[in-house]
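The values are calculated or read from the model by the stated rules, or taken from the named source; none is laboratory data. As the structure is a computational prediction, the values presented were derived from the model and not from experiment. As a convention, Cβ positions derive from the backbone with ideal geometry for all residues, glycine included, and neighbour counts pool all protein chains shown. SASA here: full protein model, heavy atoms, side chains in, ligands and nucleic acids out. Shrake-Rupley method; radii C 1.70, N 1.55, O 1.52, S 1.80 Å.
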Amino acid sequence: MLKRKNKMPEFFINAFYESKFKDNFFVIKAGGKIIEDDAALNNLLANIRELTLQGIKILLVYGGGRVMDAEAEARGIEVKKHEGRRITDADTMNIMKQVVGGELSLKVSSTMAKNNLEGLSLNAVPADWMDVNLRDKEPVDFGFVGEIDNVHSRPINRLFRTTNFVACACLAMTKDGTVCNINADTIATQLAIGTKAHKLMFLSDVDGVQIDGKVAGVITCDQIDGYIADGTATGGMKVKLTNCKSALDAGVRRIHLMSGLRKDALKKEIYEPVGPGTMLFAEEERQSYENEVEAQKLIEGQKG
């Protein structure tokens, strides 16, 4: 009989992941469909708890577009958008406060409790984290929609010295205390840039970036320009990839795009050598990434 190779002790496997990720800072943006879906939200926060136990610090930013539209329709309030961006008048802002800042924020808190996930669930981004102003009224009056002028990393880092997890709804405050709506993608991207996050992760209802009908496992920063130039990336994908390029250029090391409706998608993207979504990084990161893949393949092969 062939002698079976000794398996690596679980202690060393855990030590590998802890040394790799300890004190890393991840910014995760979850779409409203993830937060609204009980099973998807429960699975996401269960995955996040596991990551925080490895010493990773996680900021979760979320929106609630679909439930907002449904509530507006139920109240007889017209949903107005311009080029995909929600026009947030006074009536719409009141719905956002109640639904996104209220019901969804409490839902996140409740699901955190079910998963024994320690941390904070905030109904808006803290005022001292960002300098925010309302968008100009011309050429389009977006109402109570804010723009981020600057991010302050010091108060963010200060809070994360006391906890490994914070969740924030996509609401923010101007200097005079006016509550405003800001696209959750924008908030997550700007906070990741401002804090120089190790990872920026977008969870939606689609599997990464489709190239020629297949999910691209890896896209480098240099390739983004090519995909935009040759028309491969258009519409929402073009906007998403442009934002990703800005984040990579500003110092964010890795960006992940994946479906948050798939079970354990977050955990698999982090712990498996090749995850289910799309990873984006600068070209100079390629060798480091390939080395990590080989190390993780070795670790995975030692399990069981």
* Structure fact -> Apart from one, (1) in contact with a helix residue (DSSP H, G or I) (Cβ under 7 Å, 6 or more places away or on another chain); (2) outside any strand (DSSP E or B) all hold for G177; the odd one out is (1)
* Where residues in region 98-150 are of a type in the set (D, E, K, R), in contact (Cβ under 8 Å) with a residue 40 or more places away in the chain and open to solvent by 60 Å² or more (accessible area, probe 1.4 Å), which of them is farthest from G177 (Cα to Cα)? -> K114
* Asked: How about region 159-186: which of its residues are aliphatic (A, V, I, L, M) and under 17 Å from I48 (Cβ atoms)?
  -> L159, V166, A167, A169, A184
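Yes/no per residue for (1) under 28 Å from E83 (Cα atoms); (2) open to solvent by 30 Å² or more (accessible area, probe 1.4 Å); (3) modelled with pLDDT under 85:
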site: T195; (1), (2), (3): no, no, no
site: D205; (1), (2), (3): yes, yes, no
site: C221; (1), (2), (3): yes, no, no
site: V239; (1), (2), (3): yes, yes, yes
site: T242; (1), (2), (3): yes, yes, no
site: S246; (1), (2), (3): yes, yes, no
site: R253; (1), (2), (3): no, yes, no
site: G275; (1), (2), (3): no, no, yes
